[in-house]
1. At q = 0.11 Å⁻¹, what base-10 log of I(q)/I(0) does the Debye formula yield for chain B when every alpha carbon is treated as an equal point scatterer in vacuo?
2. Note down the nm distance, to one decimal, between modelled labels 7 Å out along Cα→Cβ at residue B:96 and at residue A:78.
3. Counting other Cβ atoms within 10 Å of each Cβ, which GluC sites (Glu not before Pro) in segment B:1-101 have at most 16 and sit in a DSSP loop?
4. Test of understanding: ordering A:32, A:39, B:49 by Cβ neighbours within 10 Å, fewest first, what list do you get?
5. How do A:106, A:26 line up, fewest other C-beta atoms within 10 Å first?
6. On each of the three principal axes of the Cα atoms of the protein assembly as shown, give max minus min coordinate, whole Å, ordered largest first.
7. Principal axis lengths of chain A from Cα atoms, whole Å, largest first?
8. Can you pull out the trypsin sites (Lys or Arg not before Pro) in segment B:18-98 whose DSSP state is coil and whose Cβ has at most 10 other Cβ atoms within 10 Å?
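Rule-based calculations on the coordinates, nothing more; no lab input. Keep in mind that this is a model prediction, so the values were computed, not measured. Counting neighbours? That spans all protein chains shown, and the Cβs are built from the backbone with ideal geometry, glycine included.
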Amino acid sequence: DQQVKQNSPSLSVQEGRISILNCDYTNSMFDYFLWYKKYPAEGPTFLISISSIKDKNEDGRFTVFLNKSAKHLSLHIVPSQPGDSAVYFCAASAQRDDKIIFGKGTRLHILP
Amino acid sequence: ETGVTQSPTHLIKTRGQQVTLRCSSQSGHNTVSWYQQALGQGPQFIFQYYREEENGRGNFPPRFSGLQFPNYSSELNVNALELDDSALYLCASSGTDGYTFGSGTRLTVV
């Protein structure tokens, strides 16, 4: 039973445009959400997070939006750059230091 | 010492054998979590250790076991290896500043 779902296995976006990665979750106990980026042969690296008390968190080119009523979050990257090509994992936990549950990931390709 | 280090980076084992994977925690972190990432999947939670005690376990059989040492480093042991155990095994240490992942150990069972 997937508690965190990323329904798009891959996404291609033109360089300079906005990339939008989507994520849905089923467990209403989740109150902390994270996005990780993973390059081949490396571990996941933390990108951005959001607590359930907020609906938006921004860090430079990256913005995460949370819609609790829809149990949906999204990651916006603007403008997209070639170095953004990677696998992006949506993840959630019941508390900030609790175990993290990951989605299956979305592979983002930034096209020149 | 910063960062999480995992060893070995790659490993090939035969079905039925046993394997031990190692992980060093980031300085200041007292919690270690282990994840299994099969091809095309997201990391799946195996278990977590906090101050040398198991602190939560995912849906993995008992042949997956672990240890955490006083310096907060950790081991993941898998007995009676099966072909489906072939995966990338990720270790993450965590503290008040969040999680830090290692680069993983790629285990291939043949």
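1. Cα-only, vacuum Debye calculation for chain B: -0.30.
2. It works out to 3.6 nm between the two label points.
3. Sites meeting the loop and neighbour criteria: B:1, B:52, B:82.
4. Lowest to highest Cβ neighbour count: A:39, A:32, B:49.
5. A:26, A:106
6. 49, 37, 36
7. 41, 28, 22
8. Loop-located and lightly packed - B:51.
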